[in-house]
Amino acid sequence: MPTDAYVGGEPEETDQSVLDSVPISFEMLLLLPSIATLAVLSIIPLVVMIYLSFHEVNFTPVNEVIFLGFGNYTQMAADGNFWNSWRVTLFYVAGSLGLQLGLGILIAVMLHRVSRGENLLTSIIIMPMMIAPVVVGLLWQFLLDPSFGLYTYMLNQVGLFVDQPILANSTSALVSIIIMDTWQWTPLVVLIILARVKSIPQHLYEAASVDGATGITQFRHVTLPLLKPAIAIALLLRSMDLMRYFAKVFITTGGGPSSSTKVIGLYVYERALRFFNLGYGSATGLVLLIVTILMGLMFVETIMGGAGDE
Amino acid sequence: MSKSTASSGLPGPVRRYGPYAFLGVVAIWTLLPLFWMAISSLKIRRSMFEFPPTIFFDPTLQYYVDMFMGSNPVTPFLINSIIVALGTAVLSVSLGTVGGYGLSRLDLRGKKHLAFWIISTRMAPIVVVVIPLFYLYSYLNLLNTHLGLIIAHTTFNLPFAIWLMRSFFDEVPEALEEAARIDGATKWEAFRKVSLPLVWPGMGATAIIAIVFSWNDFIFALIFTSNATQTMPIAASQLVTQTGTLWGRVMATGVVILLPMVTFGVIVKRHLVSGLTMGAVKE
């Protein structure tokens with residue numbers, strides 16, 4: 001009886017005597033409502049998804065679920081569009097991670113070197129992160145519009161993309177969505193790296209200077225090794241998000257031209273919720289989930305087993 | 001060695017002002033799209049589509065007026081966004097605070113695994129969460145309800161709310177609670193009266209990050225809502241029509257969507273890193 005009341009999340013009424021009669025610790029009791037919520041909201045959907053992936057789900061003419069066995073999975077293995085989306089995703093994720101990490105480290109190191117204005121500069125730099133992906137997507141579409149876009153105009157001035165709509169070409173469309181994400185999310189990498197750069201003790205640099213290391217050598221042999229855990233965290237968070245979100249791509253290119261920007265999240269979304277093929281969508285979604293988890297574990301392993309813990 | 005001499009041999013002014021010049025470029029790169037959006041939202045139709053683009057024009061507030069008074073006003077979308085964002089924040093922060101405290105003080109073998117499981121529930125691709133939820137919601141009649149969207153947003157906010165609040169509680173010395181316990185306080189009172197008041201800023205930061213996520217979300221809203229419960233990002237996306245995009249309205253709507261969030265971001269800047277990295281990085 002008391003246990004039920006607590007699981008229901010009414011800790012206001014907790015009192016010591018009742019607490020003693022509960023077989024689990026007070027801390028666990030506080031954690032239970034959250035664990036229960038997460039379990040319900042993550043395990044049930046997962047089970048439903050695994051179930052759906054072995055079935056064909058129809059909504060018209062009547063609701064029905066037909067058992068297919070591994071049908072969805074064999075279809076997937078032979079689906080050229082599915083593999084194309086993974087190829088696009090590989091370029092998208094690798095390109096974005098590379099750009100954001102490189103720029104992020106550079107900006108963080110520069111921010112650390114300036115003595116004045118750091119506060120103002122960080123305030124400016126974090127702005128894009130707070131903006132809804134839909135707005136970012138629409139804004140970049142506006143900037144890249146072939147007939148009146150500001151960035152189209154600027155690029156035309158240096159002889160690029162004259163009479164060539166940037167988002168209508170496979171390569172430049174893919175590069176555009178990478179740059180768009182880089183504009184929005186490099187700031188997160190900057191903040192993560194900057195926090196770490198600030199924590200590097202000054203005497204390490206002084207010792208390096210005594211040994212004759214300056215500038216780039218110092219950066220390579222002192223700063224960079226110490227940044228490893230922070231880099232791993234940045235890569236973990238960014239790669240997860242790049243796999244998870246597709247709203248910006250959905251808005252700007254819709255996956256086009258001819259599927260050249262159809263990242264895997266968007267592909268799964270279309271199968272499941274635009275063409276309402278929930279079974280096939282679930283099967284492809286499960287593969288996406290597994291790949292994401294493996295990527296996550298890889299980076300977590302680097303963080304936990306790496307040069308040091310945060 | 002040659003490399004190091006090359007960089008240390010840079011002339012003084014370059015070494016001193018180089019970072020400022022570089023960061024100036026970064027600031028322009030960051031701000032230019034936002035600046036362009038803001039001024040485009042004030043341009044009359046004719047100047048908006050001029051090529052080359054113009055900077056000098058007669059500003060008009062017409063799009064902002066239309067947005068609230070014209071056809072398809074955004075007001076209902078705005079109200080939905082506020083309801084869902086606040087609901088998500090309340091749910092995430094209350095569960096996250098209590099849960100985060102539990103996780104912080106829990107003495108358990110395998111606590112690391114438990115913590116990782118909690119955060120792993122947030123790593124799932126949105127579409128992976130959405131498919132089964134859509135299926136379940138259609139049976140539970142939660143499609144097209146505020147509650148349905150709040151629950152969906154909470155699935156994504158709760159794990160980081162727990163981690164974030166845990167990182168704040170980790171900083172509260174347990175000795176403070178023990179002192180209170182010696183004075184006769186129960187564990188609940190030690191939590192409620194000693195530790196909780198010390199993490200108010202953390203709760204505020206957690207709430208703001210939950211609000212930002214919920215306010216900005218597009219995919220959940222796209223799938224789980226229709227007319228009566230649609231949020232602001234949906235309103236913005238609906239301005240892209242078959243017959244062309246209403247760019248003036250898009251820019252004005254964009255400004256209304258981003259302004260409060262950017263303001264929040266600047267206010268909680270200090271907590272933003274630990275928030276967005278779920279406490280993995282501390283400022």
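The values are calculated or read from the model by the stated rules, or taken from the named source; none is laboratory data. Treat the numbers as computed from the prediction; the structure is a model and nothing was measured. So basically every Cβ, Gly included, is an ideal-geometry build from the backbone, and we count neighbours across all protein chains shown.
Looking only at residues of the range B:226-246 that are in a helix (DSSP H, G or I) and at pLDDT below 90, we find that the one that is nearest to the other protein chains (Cβ to nearest Cβ) is B:Asn227. Of the residues screened, B:Ser138 is one that is among the polar types (S, T, N, Q) and closer than 23 Å to A:Val65 by Cβ. On the stretch given as the range B:117-146, residues that are surrounded by fewer than 16 Cβ atoms within 10 Å (Cβ to Cβ) and farther than 16 Å from A:Val40 by Cα total 3.
Considering only the range B:102-114, I want to know if a residue exists there that is in a helix (DSSP H, G or I), without any contact (Cβ under 8 Å) to a residue 12 or more places away in the chain and hydrophobic (A, V, I, L, M, F, W, C). Yes: one or more hits.
Checking each residue in the range A:190-223 for being more than 16 Å from A:Arg113 (Cβ to Cβ) and either touching a Gly at 6+ places or on another chain (Cβ under 7 Å) or part of a loop (DSSP other than H, G, I, E, B) (or both) picks out A:Pro201, A:Asp211, A:Gly212, A:Ala213. Could you check the range B:81-95 and list, in sequence order, the residues that are more than 7 Å from chain A (Cβ to nearest Cβ) and touching a helix residue (DSSP H, G or I) at 6+ places or on another chain (Cβ under 7 Å)? Within the range B:81-95, B:Ser81, B:Ile83, B:Val84, B:Ala85, B:Gly87, B:Thr88, B:Ala89, B:Leu91, B:Ser92, B:Val93 meet the criteria.
Considering A:Met154, A:Met127, the condition of being at pLDDT below 95, within 7 Å of chain B (Cβ to nearest Cβ) and either under 27 Å from the mean Cα position of the chain (by Cα) or surrounded by fewer than 22 Cβ atoms within 10 Å (Cβ to Cβ) (or both) is satisfied by A:Met127 alone.
Which ranges mark the helices (runs of 4 or more DSSP H) fully within the range B:165-225 that have 3 or more residues being more than 13 Å from chain A (Cβ to nearest Cβ)?
Working: elements: B:174-182, B:200-216, B:219-224.
Fully inside the range B:165-225 and qualifying: B:174-182, B:200-216.
Residues being outside any helix (DSSP H, G or I) and among the hydroxyl-bearing types (Ser, Thr, Tyr): count how many of those fall in the range B:18-57. Even if it seems obvious, please write down each step before you answer.
Step one: of the range B:18-57, the residues outside any helix (DSSP H, G or I) are B:41-44, B:49-57.
Filter once more, keeping what is among the hydroxyl-bearing types (Ser, Thr, Tyr): B:41, B:54.
Number satisfying all stated conditions: 2.
If I ask for residues that are among the hydroxyl-bearing types (Ser, Thr, Tyr) and either modelled with pLDDT of 80 or more or surrounded by fewer than 18 Cβ atoms within 10 Å (Cβ to Cβ) (or both), which ones from the range B:43-97 would you list? It would help to see each step written out before you state the result.
Step one: filter the range B:43-97 for residues among the hydroxyl-bearing types (Ser, Thr, Tyr), giving B:47, B:54, B:60, B:63-64, B:71, B:75, B:81, B:88, B:92, B:94, B:97.
Listed by number, the residues that qualify are B:Thr54, B:Thr60, B:Tyr63, B:Tyr64, B:Ser71, B:Thr75, B:Ser81, B:Thr88, B:Ser92, B:Ser94, B:Thr97.
Across the range A:88-133, the number of residues qualifying as part of a helix (DSSP H, G or I) and among the charged types (D, E, K, R) comes to 2. Taken over the range A:78-115, the criterion of being free of Cβ contacts under 8 Å to residues at least 12 places away in the same chain and within 9 Å of another protein chain (Cβ to nearest Cβ) is satisfied by A:Leu106, A:Met110, A:Arg113, A:Val114. If only residues of the range A:45-77 that are more than 13 Å from every other protein chain (Cβ to nearest Cβ), free of Cβ contacts under 8 Å to residues at least 40 places away in the same chain and in a loop (DSSP other than H, G, I, E, B) are counted, the one that is nearest to A:Val263 (Cα to Cα) is A:Phe70. Count of the range B:115-152 residues, restricted to those that are in a loop (DSSP other than H, G, I, E, B) and either among the charged types (D, E, K, R) or facing another protein chain (nearest Cβ under 8 Å) (or both), is 5. Filtering the range B:98-114 to residues that are facing chain A (nearest Cβ under 10 Å) and either among the acidic types (Asp, Glu) or farther than 23 Å from A:Leu237 by Cβ (or both) leaves B:Val98, B:Tyr101, B:Gly102, B:Arg105, B:Leu106, B:Asp107, B:Leu108. Could you check, for the range B:262-273, whether at least one of its residues is part of a helix (DSSP H, G or I), over 20 Å from the mean Cα position of the chain (by Cα) and either facing chain A (nearest Cβ under 8 Å) or in contact (Cβ under 8 Å) with a residue 24 or more places away in the chain (or both)? No: the range B:262-273 contains no residue that is part of a helix (DSSP H, G or I), over 20 Å from the mean Cα position of the chain (by Cα) and either facing chain A (nearest Cβ under 8 Å) or in contact (Cβ under 8 Å) with a residue 24 or more places away in the chain (or both).
On inspection, B:Tyr20 passes the criterion of being under 30 Å from A:Asn156 (Cα atoms), surrounded by fewer than 18 Cβ atoms within 10 Å (Cβ to Cβ) and under 30 Å from the mean Cα position of the chain (by Cα).
Residues of the range B:212-255 that are over 21 Å from B:Leu143 (Cβ atoms) and among the small types (Gly, Ala, Ser): B:Ala236, B:Gly244, B:Gly248, B:Ala252, B:Gly254.
One residue is enough: does the range A:110-123 have a residue meeting the conditions among the charged types (D, E, K, R), touching a Pro at 6+ places or on another chain (Cβ under 8 Å) and within 30 Å of A:Pro201 (Cα to Cα)? Looking for residues that are among the charged types (D, E, K, R), touching a Pro at 6+ places or on another chain (Cβ under 8 Å) and within 30 Å of A:Pro201 (Cα to Cα), one finds at least one in the range A:110-123, hence yes.
What is the residue count in the range A:236-262 for residues that are farther than 22 Å from A:Ser85 by Cβ and at pLDDT 90 or above? Walk me through how you get there before you give the answer.
From the range A:236-262, those farther than 22 Å from A:Ser85 by Cβ are A:236-237; that's our starting set.
Within this subset, residues satisfying the condition of being at pLDDT 90 or above are none.
Number of matching residues: 0.
Criterion applied to B:Arg105, B:Arg109 was being charged (D, E, K, R) and either surrounded by fewer than 16 Cβ atoms within 10 Å (Cβ to Cβ) or not assigned by TED's automatic domain parsing to the domain that holds B:Asn144 (or both), and the one residue passing it is B:Arg109.
In the set A:Gly281, A:Gly296, A:Gly215, A:Gly265, which member is under 30 Å from B:Phe134 (Cβ atoms), at the interface with chain B (Cβ under 7 Å from one of its Cβ atoms) and modelled with pLDDT under 85?
Working: A:Gly281 fails: modelled with pLDDT under 85; A:Gly215 fails: under 30 Å from B:Phe134 (Cβ atoms); A:Gly265 fails: modelled with pLDDT under 85.
The conditions single out A:Gly296.
Pull up the range A:225-260, narrow it to residues that are free of Cβ contacts under 8 Å to residues at least 60 places away in the same chain and either on the phi < 0 side of the Ramachandran plot or crowded, with 20+ Cβ neighbours inside 10 Å (or both), then point me to the one that is farthest from the other protein chains (Cβ to nearest Cβ). Spell out the reasoning first.
Pass one, the range A:225-260, residues free of Cβ contacts under 8 Å to residues at least 60 places away in the same chain: A:237, A:240-241, A:244, A:246, A:254-255.
Filter again for either on the phi < 0 side of the Ramachandran plot or crowded, with 20+ Cβ neighbours inside 10 Å (or both), leaving A:237, A:240-241, A:244, A:246, A:255.
On the way: A:Leu237: 6, A:Met240: 5, A:Asp241: 9, A:Arg244: 4, A:Phe246: 7, A:Gly255: 13 Å.
That would be A:Gly255.
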